[in-house]
Amino acid sequence: MGAFSYHAAGMAVTVLLMLPLLRTAVAGSPPFSCAPGATTTQGYAFCDSRLPVEQRAADLVARLTLAEKVSQLGDEAAGVPRLGVPPYKWWSEGLHGLSFWGHGMHFDGAVRAITSFPQVLLTAASFDEKLWYRIGQAIGTEARALYNIGQAEGLTIWSPNVNIYRDPRWGRGQETPGEDPATASKYAVAFVRGLQGPSPTTLQTSACCKHASAYDLEEWNGAIRYNYDARVTAQDMEDTFNPPFRSCVEEGMASCVMCAYTSINGVPACASSDMLTKTFKGDWGLNGYVSSDCDAVALMHDAQRYRATPEDTVAAALTAGLDLNCGNYTQVHGMAAVQQGKMSEQDVDRALRNLFAVRMRLGHFDGDPRGSALYGGLGAGDVCSPAHRALSLEAATSGIVLLKNDAATLPLDRSAVGSAAVIGHNSDDPAALYGNYFGPPCEYTTPLRGFQGYVENVQFLAGCDSAACDVAATGQAVALAGSADYVVMFMGLSQRQEQEGIDRMSLLLPGKQQSLITAVASAAKRPVILVLLTGGPVDVSFAKSNPKIGAILWAGYPGQAGGLAIAKVLFGEHNPSGRLPVTWYPEEFTKVPMTDMRMRADPASGYPGRTYRFYQGSTVYKFGDGLSYSKFSRQLVTRNRAPNTNLLAGLTATPAADGGASYVVEEIGADGCEQLKFPAVVEVQNHGPMDGKHSVLMFLRWANATSGRPVSQLVGFRAQHLKAGEKARLRFDVSPCEHFSWAREDGKKVIGAGSHFLRVDKDEYEIRFEP
């Protein structure tokens, strides 16, 4: 969210200290309307659950006065007592667990804690759609349970964040599924389906995909998200920034999309009728509502100067297709906007019909929700359940990425570790587990506590005063390292370097961290183990090349079970399977302006491009990197099921600037695209020595990256658990219209004539489309 964000690191410690002081209360009653026999609503069509929600919503809106209508346009909607309509709070968060952020959820009653899952980027590293779905499902269950016991005033969850992690310095990249549009799209669909539940007509909660679109800057070199105008080509919009939002709506059936603060090519996102009405509601068929980010409508006037008056600004947003404003700007100025003729009452009615239809799909106008067959039985016992705690641990272990493991430094043999030194500011700091947008965890295990569960003789030193590491106890750390059999360092970042409102200026570890790590490694008896707790990527080239650093793990912000998950990986109780969902760039990448939105490289000007799909430069680690304690082999085994390229015979190939040609996907048509689909099968084998989960990533590459083609792009991924020695065949359903296409400069998706290469590791399969 936006204007109401907090400093998460300090808040985490404060909240954890407060938990025992929160009052214990008995379960309350949820807010609802249309109780059987209620005199205020008896006989009203909006209470008749047999009618379509659109008809019910229209009936309710028709009964409201203009003042009552305007009172519904902000995230804290007023009640309408004369019609038995209770107040409603639209803003709740569920990014990786229910959150303190927002107004709709409360943790001061019978339930005082919720399950805290890993921050999203680490969960994305599992490349496991089923896991993503189960996490969304668990968060939705806990939200509905809180509502049923009277600790929630809304069930509209403004998650997930599916913006593309375009620049490694972005403070909110940690909240996203990473840099790849295909991965972000798959995550969006899985998480939204889990959060909303199996029925599109009876929602468990309402999911909201944010922040549309091309939003990935907080504050850099004078550019601030509140008034930043992102200059984005139609080409990049079509094949990079928009795909996750499109998937959210079309496949995930999300009931909300949130528009961002930023302007796109001169038009504020929340005032773009082309985006809100034509694209979201028209082309994609959004069945739900569009919300602004918090105070985005006010900022359109106060910071962006898009319209001359508040009334003009409110009218510009609502007539463009906005339904709800996070904040009260539309409630304050909406009446005057109608009275002055800036917008009509019908514009307000349209927005309210969308809003009330979602509330009706949530069951808020069907009487007491505790009587619902689907969700009425959920209560306090469904929050922080054993299953949800186990899922949080599974998510953390599945996401942890092993980046370096020289000479089999890991796993450790606990019986052989006589003594150990644990060094690092992130070793015993609960705030390092959560990232941002967190809530009060059921329980938590720091990395130090997790490690102590395996080794009795452990000495601990923070080493740095904080993640900023302005002061380092290097001498003490060196002495401690030299006295221990093994050394593990828990280093990295915190929310004071990266979060909402804060972008990084450097990709290096802050302050004296690098010199501390190097000194400790030089003094240690054995190669040290470096565990990085960060949201975004860091340039650790020094550690990668240092033979005294034997292993490097990236653990993200791993949630309440993070310390235990890391320990399980270190001691071989879990075989690491995570793979990086972002490119780790060298420090020199910071010379590239964050405000340059171009995805594609421009060699003539020295611009290197962005993300693995277009970047033409050196890397510290690549997208998809990740090691295992076992050796896995992968091979394409189905080579006789090529697409029926004869389907393109009747189409005219359009010449390209590089001398090639391409077919416009739109002209192939839905039926043609369906007939072009074909299966590809990969045989994967675990050669041992350990059982383990493994993610197979299939890419497509072209002979060259001219005419706007990516260097390569992800076709799909599959996660499979294999015992040592076991084989499995994994099927990938390949759609050339989706997986072989890219966007031309005009935004049209095309498939190039000529060779396309499906690739798994170094194994390739060529497919040709002849012009």
Study note, to complete from the structure: So the strands (runs of 3 or more DSSP E) completely within segment 479-574 holding 1 or more residues that are surrounded by fewer than 24 Cβ atoms within 10 Å (Cβ to Cβ) and among the small types (Gly, Ala, Ser) are 549-554
Practice item. Please state which one of Leu651, Leu636, Leu647 is closer than 30 Å to Leu403 by Cα and aliphatic (A, V, I, L, M). Key: Leu636
Check your understanding: Within the bounds of segment 389-411, is there any residue that is within 19 Å of Val488 (Cβ to Cβ), touching a residue at least 60 places away in the same chain (Cβ under 8 Å), of a type in the set (Asp, Glu) and surrounded by fewer than 18 Cβ atoms within 10 Å (Cβ to Cβ)?
Key -> yes
Review point. Give me the pairs: first residue in segment 49-66 and of a type in the set (Asp, Glu), second residue open to solvent by less than 70 Å² (accessible area, probe 1.4 Å), beta-carbon distance under 7 Å, and six or more apart or on different chains, which are they?
Key: Glu54/Ala357; Asp59/Tyr44; Asp59/Ala45; Asp59/Phe46
Check your understanding: Do we have His721 as open to solvent by 60 Å² or more (accessible area, probe 1.4 Å) and free of Cβ contacts under 8 Å to residues at least 60 places away in the same chain here?
Key -> yes
Check your understanding: Counting only residues that are part of a loop (DSSP other than H, G, I, E, B) and in contact with a Pro (Cβ under 7 Å, 6 or more places away or on another chain), which one in segment 139-177 is nearest to Glu238 (Cα to Cα)?
Key -> Ile164
**Study point:** Leu286, sole failed condition from (1) free of Cβ contacts under 8 Å to residues at least 40 places away in the same chain; (2) surrounded by fewer than 24 Cβ atoms within 10 Å (Cβ to Cβ)
**Key:** (2)
Point to revise | segment 661-683 - residue that is outside any strand (DSSP E or B), in contact (Cβ under 8 Å) with a residue 24 or more places away in the chain and within 32 Å of the chain's Cα centre (by Cα) and, of those, farthest from His756 (Cα to Cα) | key: Glu666
**Study point:** Members of segment 101-115 that are open to solvent by 10 Å² or more (accessible area, probe 1.4 Å), under 21 Å from the mean Cα position of the chain (by Cα) and over 19 Å from Ala78 (Cα atoms)
**Key:** none
Revision key, fill the gap. Only one of (1) closer than 27 Å to Ala145 by Cα; (2) open to solvent by 40 Å² or more (accessible area, probe 1.4 Å); (3) modelled with pLDDT of 95 or more; (4) assigned to a loop (DSSP other than H, G, I, E, B) does not apply to Gly327, and that is (2)
Study note, to complete from the structure: Flagged pairs (Cβ under 7 angstrom, 6 or more apart or on separate chains; first in segment 429-457, under 18 Å from Gly492 (Cα atoms); second of a type in the set (Ser, Thr, Tyr) and open to solvent by 20 Å² or more (accessible area, probe 1.4 Å)) are Pro430/Tyr444; Ala431/Ser494; Ala432/Ser494; Leu433/Tyr444
**Study point:** Filtered residue count, segment 144-174, keeping only those that are open to solvent by 10 Å² or more (accessible area, probe 1.4 Å) and in contact with a helix residue (DSSP H, G or I) (Cβ under 7 Å, 6 or more places away or on another chain)
**Key:** 1
Point to revise | Hey, Val314 among the β-branched types (Val, Ile, Thr), out of contact with any His (no Cβ under 8 Å at 6 or more places or on another chain) and at pLDDT 95 or above or not | key: no
Study note, to complete from the structure: Just one listed residue, out of Met275, Met253, Met258, is among the hydrophobic types (A, V, I, L, M, F, W, C), over 26 Å from Leu507 (Cα atoms) and in a strand (DSSP E or B), and it is Met258
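The values are calculated or read from the model by the stated rules, or taken from the named source; none is laboratory data. None of these values were measured; they are calculated from a predicted model. Positions of Cβ are generated from backbone atoms using ideal geometry, with glycine treated the same way; all protein chains shown enter the neighbour counts. Areas reflect the complete protein model, heavy atoms only, side chains present, ligands, DNA and RNA absent. Shrake-Rupley method; radii C 1.70, N 1.55, O 1.52, S 1.80 Å.
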